[in-house]
Amino acid sequence: MQKGNIGVTTENIFPVIKKFLYSDHEIFLREMVSNAVDATQKLKTLADKGDFKGKLGELAVKVQLDAEKGTLTISDRGIGMTEDEIDKYINQIAFSGVTDFLDKYKDSANAIIGHFGLGFYSAFMVAKKVEIITKSHKEGAKAVKWSCDGSPEFTIEETEKEDRGSDIVLHIDDDCKEYLEKQQIEQLLQKYCKFMPVTIAFGKETEWKDGKQVDTDKDHIINNVEPLWTKTPSTLKDEDYKNFYRTLYPMQDEPLFWIHLNVDYPFHLTGILYFPRIKSNIEIQRNKIQLYCNQVFVTDQVEGIVPDFLTLLHGVIDSPDIPLNVSRSYLQSDRDVKKISTYITKKVADRLASIFKNDRKEYEEKWDDLKIFINYGMLSQEDFYDRAKDFALLKDVEGKYYTFEEYRTLIKDTQTDKDGNLVYLYANNKEEQYTYIEAARQKGYSIILMDGQLDTPAVSMLEQKFEKSRFTRVDSDIIDRLIVKEDTPKQTLDNDTADNLSQAFRSQMPALDKTEFYVEVQALGENEQPLLITQSEYMRRMKDISRYQQGMAFYAEMPDTYSLVLNSDHPLIKKVIDDEKEKTADELKPVLSEIKGLKARLAALRQEQDKKKSDEISQEEKDDVNNTQKEIDEQQSKKQQIIAEYAKGNDILHQLIDLALLQNGMLKGAALDKFLKRSVDLIK
């Protein structure tokens, strides 16, 4: 029997790099430039410590493109490498220990680059051949050239190089020719290297001369080596922060305000977070925070490091302590990430609380832009609600702002119902709900404006948070039932009159798609509206929430249900009642007489059967009851037809219905045209 180990040959390493990271292959340039910056920073450190005695001189990293030769070269004047160091850092580490490499990383495409020095090898994602021409900073060092064509074979030879540092020459592969385009390289440098701490030069500045753009002798500098977040806040002015925001987001409106982050313990983190103006459309605003690691761009997908609601903020976070996997492109789950997330949430809450406390007027002026952000935070993160409840505001329809506690104090005496519940009345459209708002104000009630993208779920959340409280939209019922003070509403009509009135209006309601109308009669007082359309608070809210919450789609499919409330005290409704009685009396008389007789007969039959056990009732007796009920239904149907035929010709009835529909934005097309013509005829 033979035992042995299965080896994984190094021929596998380059195909793996190309295959697994092809979709992310643009990061090669970040890795090359980062290495050059690291080499430069190391030299500066050695000089600071006195371990390098030479002159530093110009330290810029230069990126050069030669489309004719098909090369992209990244040059630095950093520490450089000796032949031994190339063998140690380029050959041995990258090519040693790869027996378990594929097994370990085959399921983690993002974990390849950067592992044990493989950041350099990301070059082979785009290059068919890579050369390193390098000379160490050490005294007496000789220049060497390392060359590899993407196989495990490489060559090292002595070469000529006057200056210290390294030139990395990438011979771009035939299927990656886009990396020989100046615009493409410029974009990648702007994306990944815009704030690296060493000057990066790419090409030359241009000027307009003889009718065209021509190169000058001045290097084109890509980056700002001292971005704003690296500076001390006390040295900065508001305009500095605004200018930096314009650098990050050239097309955005000016931010509301900002937070400068600077913490050394228990982790290192700096950055600037801006509050953008967000009135609606959360999704467009997401993912504008840029994550950096020592001024090297990592990602703008920061959901892992900040709570979901904070992804609405814009700006920069820079931390060497955020645990990234080896590609430096993706966050890893870690306790430190949770600490950082908690810290940022606290800083945001503290900043909002500070502005509210120190300049409430400014805070109120910005509330309409802040509200969606704060609502999102309170909805998605329990501990943020606990912080935000003291600086979150409610705005009434008159434009006045209140904290939660201030508003509760304002309405508790007038808006508490008979069961002791505090009723918060709200509107989501001041213009469309004007009539309902005015009716509530006439009662002395206050109405808050909830017209934001997240206000519907926020209303449900606040109902759970506020003790013995409920929110009711101002058009969800007649005014006397919005906040019920007494047990029973008065009714002035007898049942038959009320039933006939309801039937007349019900028969003329339009057939609207996914819409149902229910008609009821109430005595509301002769000075109130003759007819109102209301919509159930519960059903409307469930349909609204179904747009945000999974598992509630069935509510969205249900029809919109409205109540048509007829005010029996209003003169116009009384006029319809009187007219209906006069016009239908003769035709209804025999029908009503027949119904009365049939109902009396049915009552007698049932009374007789109630004296018997169920098995003692004959089939003939059962049929007699069923047939009598059937005759009653037929007469009721005849009655409804008579009332509907009358209602069809009553212009006042139709005008009242159309006015109510118009008030609720439900009168359109041919129905609106008919209403306008009828209105003219009624005025004549």
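The values are calculated or read from the model by the stated rules, or taken from the named source; none is laboratory data. On a predicted model such as this, the values are computed, not experimentally measured, just so you know. So basically every Cβ, Gly included, is an ideal-geometry build from the backbone, and we count neighbours across all protein chains shown. The protein model used for the area step is the full one, side chains on, heavy atoms only, and it has no ligands, DNA or RNA in it. Shrake-Rupley method; radii C 1.70, N 1.55, O 1.52, S 1.80 Å.
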Problem - Taking the stretch 348-411 and dividing mean pair separation by its residue count, relative contact order in percent (alpha carbons under 8 Å, at least six apart) - result: 26
Practice task
Answer with a single label: of [x] 1.48; [y] 1.05; [z] 1.17, which was calculated as Cα Rg over 2.2 N^0.38 Å from the structure in view?
Solution key: [x]
Problem - Inter-site label distance for Glu432 and Gln252 at 7 Å from Cα along Cβ, in nm - result: 3.1
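Provide the per residue accessible area, probe 1.4 Å, for the chain, rounded to a whole number of square angstrom.
Details: 36030 Å² over 684 residues.
That works out to 53 Å² per residue.
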Exercise for the section: Tabulate in residue order the Karplus-calculated ³J(HN,Hα) for the stretch 648-658, using 6.51 cos²θ - 1.76 cosθ + 1.60 with θ = phi - 60°, rounded to whole Hz; enter x for Gly and Pro. Expected result: 4, x, 8, 5, 5, 4, 5, 5, 5, 4, 5
Practice task
List every residue whose amide H lies under 5 Å from the amide H of Ile447, counting only residues 5 or more places away in sequence or on a different chain, with H placed 1.01 Å from N in the peptide plane.
Solution key: Val397
Problem - Difference of contour (0.36 nm per residue) and Cα-Cα distance, Ser618 to Lys465 - result: 49.0 nm
Problem - Dipole of the chain [Lys/Arg +1, Asp/Glu -1 at C-beta], most positive-end residue of Ile479, Met666, Ala647 - result: Ile479
Handout entry: Computed accessible area, Asp419, all protein chains, 1.4 angstrom probe, square angstrom
Key = 90
Handout entry: Percent carbon-and-sulfur accessible area, the chain, ignoring ligands, DNA and RNA, probe 1.4 Å
Key = 47
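Counting only protein chains, not ligands or nucleic acids, how are Ser618, Ser319 ordered by accessible area (probe 1.4 Å), most first?
On the way: Ser618 50, Ser319 0 Å².
Greatest to least solvent exposure: Ser618, Ser319.
Would you mind working out the magnitude of the charge dipole of the stretch 128-170 relative to its Cα centre, with +1 at each Lys and Arg C-beta and -1 at each Asp and Glu C-beta, to the nearest 20 Debye? Show your work: numbers first, answer last.
Values: 8 positive and 10 negative charges, 25 e Å.
Dipole size: approximately 120 debye.
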Fill in the blank from the handout: Classified through the alpha carbon gyration tensor (a ≥ b ≥ c as square roots of its eigenvalues; rounded if a/c is under 1.5, else prolate when a/b is larger than b/c, else oblate), the stretch 506-635 comes out oblate
Practice task
For the chain, give the magnitude of the charge dipole about the Cα centre (Cβ charges: +1 Lys/Arg, -1 Asp/Glu; no others), in debye to the nearest 20.
Solution key: 900
Handout entry: Using θ = phi - 60° and Karplus 6.51 cos²θ - 1.76 cosθ + 1.60, couplings along the stretch 513-526 (whole Hz; Gly, Pro as x)
Key = 4, 6, 9, 10, 10, 10, 10, 9, 10, 9, 8, 10, x, 5
Completion exercise
Diffing the stretch 341-351: the Karplus 3J(HN,Hα) column from phi (6.51, -1.76, 1.60, θ = phi - 60°), in whole Hz with x for Gly and Pro, holds 4, 5, 4, 5, 4, 5, 4, 5, 4, 4, 5
Exercise for the section: Report the antiparallel proportion of the DSSP beta bridges in the chain as a percent, rounded to a multiple of 5. Expected result: 70
Practice task
Please work out the FRET efficiency for the pair Thr409 and Arg441, using the Cβ-Cβ distance as r and a Förster radius of 25 Å; give the result to the nearest 0.05.
Solution key: 0.85
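Restricting to Cα pairs below 8 Å that are 6+ residues apart, what does the relative contact order work out to for the chain? Please round to a whole percent.
Working: 1044 pairs, mean separation 50.1, N = 684.
For the chain, the relative contact order is 7 percent.
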Handout entry: Accessible surface ranking that places the most exposed of Asp215, Asp368, Asp396 first, with a 1.4 angstrom probe
Key = Asp215, Asp368, Asp396
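Calculate, for Trp208 and Lys69, the FRET efficiency according to 1/(1 + (r/R0)^6) with r their C-beta to C-beta distance and R0 30 Å; round to the nearest 0.05. Could you put the intermediate results ahead of the total?
Working: r = 29 Å, r/R0 = 0.97.
My answer for the efficiency is 0.55.
Just from its helices, what would the mean residue ellipticity at 222 nm be for the chain, if runs of 4 or more DSSP H residues each count -39500 (n - 2.57) and the sum is divided by every residue, rounded to the nearest 500 deg cm²/dmol? All intermediate terms of the calculation are to be shown ahead of the outcome.
Working: 21 runs with 276 residues, N = 684.
That comes out to -13000 deg cm²/dmol.
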